[in-house]
Amino acid sequence: MRKLLRPTWADLLLALIATVLTLANQVGYLGADLTLVDLSLAALTVAPIAIRHVVPVTSLCVILGSSVVYAFLGHGAVGNLGLGVVIGVFTVANVRSSRIAAMMAATSALCLLVPEYVGEVTLKWPEAVQAVLVLFVAWMVGESSKKWARRAEEAAEREGRAAAEERVRIARELHDIVAHHMSVISLQAGVAEYTLASAPATARTAISAVSESCRQGLTEMRRLLDVLRVEDETEFPDVQLASPGLDALPGLVDRTRDAGLTVELVVRGTPRALPPGQDLCAYRVAQESLTNVLKHAGPAAVEVVLDYRAHELMLTVTDDGASRPPRAKAKSHGIQGMRERAELYGGVLDAGHRSHRGFQVVLRLPIPDQS
């Protein structure tokens, strides 16, 4: 719980009003029989409320001690109905551990009853039980307030973590979208510049591929931004369905071919619909893997294999491109992002250089049984 460094205005005002009323009651009951010491003790049965959030246990101890001493001077209980004790018990229960709060509540009950039995007039047992019950209620209300505040803090922390995870997810999506399409654009623009004079038809094809990749990238980014703009999930209930999946993989392969790579797509087993999360994960891994080939492998042949098994999907992207020095590191940000995606859905991703030449990415995702 957050500790206050100084008394609040509300506590100061409450303590002032309670002190004035207590002194007025005592003067009205006992009049000239009261001494300065008596008035000081009476005031101390409520005045420490002012610092109850600064030193809660100490302020309650001062209140209890003053009440007991005042009673043993022969004046009986202070005429404020134990207001300071009740507020003190509530405060300790609210800001201290349950063990300390229970100890202070029991001590307070004892100290509250002692003054009532000192002197000629004593409480009847129903009145004593009522006094203890009031303290019990104050203790329980304080405990409940503490637990509610703790739950609110935990909920705020969970929301903060969820927001952070969502930012990471969005950053990963943007990385996948921008990296892939910009790699295609860069390569095709280079081809167009190189062949513009000698082979205009090839240059026009490259420029057309640049245009198509731009459109695809903008479309995916708009879909992502649409998701971010939606405040009411019921306003556009199908917005999440716009995310690409394995049904878009042939188009991705075609665009990669247009960028100059030789790409073969092989599908094994019986294709079937995957849950949206796994579907997007597999597509993004394939997209990132092909992007890395475009960026690092140079002229290469790539094989993309989708293997639908009984309980898992195995995606393998293998190239025979450049040797190790120019290639992506197995611990690069892109590969780490793919690995985190896979782990999010209970999958495993392995990536590394092949023994002779090229690079391979293998994704294993658990998927529901076809039956």
If I go through region 60-79 residue by residue, how many of them are closer than 18 Å to Leu110 by Cβ and crowded, with 20+ Cβ neighbours inside 10 Å? 9
Kindly check whether there is at least one residue in region 320-334 that is surrounded by 15 or more Cβ atoms within 10 Å (Cβ to Cβ), out of contact with any Lys or Arg (no Cβ under 7 Å at 6 or more places or on another chain) and modelled with pLDDT of 80 or more. no
Which of the residues spanning region 128-149 are free of Cβ contacts under 8 Å to residues at least 60 places away in the same chain and under 28 Å from the mean Cα position of the chain (by Cα)? Gly142, Glu143, Ser144, Ser145, Lys147, Trp148
Just to check your reading of the model, which residue among Val46, Val57 is within 22 Å of Phe90 (Cβ to Cβ), surrounded by fewer than 18 Cβ atoms within 10 Å (Cβ to Cβ) and modelled with pLDDT of 90 or more? Val57
Is region 190-213 home to any residue that is at pLDDT below 75, under 26 Å from the mean Cα position of the chain (by Cα) and in a helix (DSSP H, G or I)? no
Kindly indicate whether any position in region 53-60 is without any contact (Cβ under 8 Å) to a residue 24 or more places away in the chain, polar (S, T, N, Q) and either over 20 Å from Met140 (Cβ atoms) or assigned to a helix (DSSP H, G or I) (or both). yes
Taking the conditions exactly as written (closer than 30 Å to Ala206 by Cβ and among the basic types (Lys, Arg)), does Arg309 satisfy them or not? no
Answer yes or no as to whether Arg255 is among the basic types (Lys, Arg) and modelled with pLDDT of 90 or more. no
Return yes when Ser97 is of a type in the set (S, T, N, Q), modelled with pLDDT of 90 or more and within 17 Å of Ser144 (Cα to Cα) and no when it is not. yes
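The values are calculated or read from the model by the stated rules, or taken from the named source; none is laboratory data. Note that the coordinates shown come from a computational prediction; the quantities given were computed from them, not determined experimentally. So basically every Cβ, Gly included, is an ideal-geometry build from the backbone, and we count neighbours across all protein chains shown.
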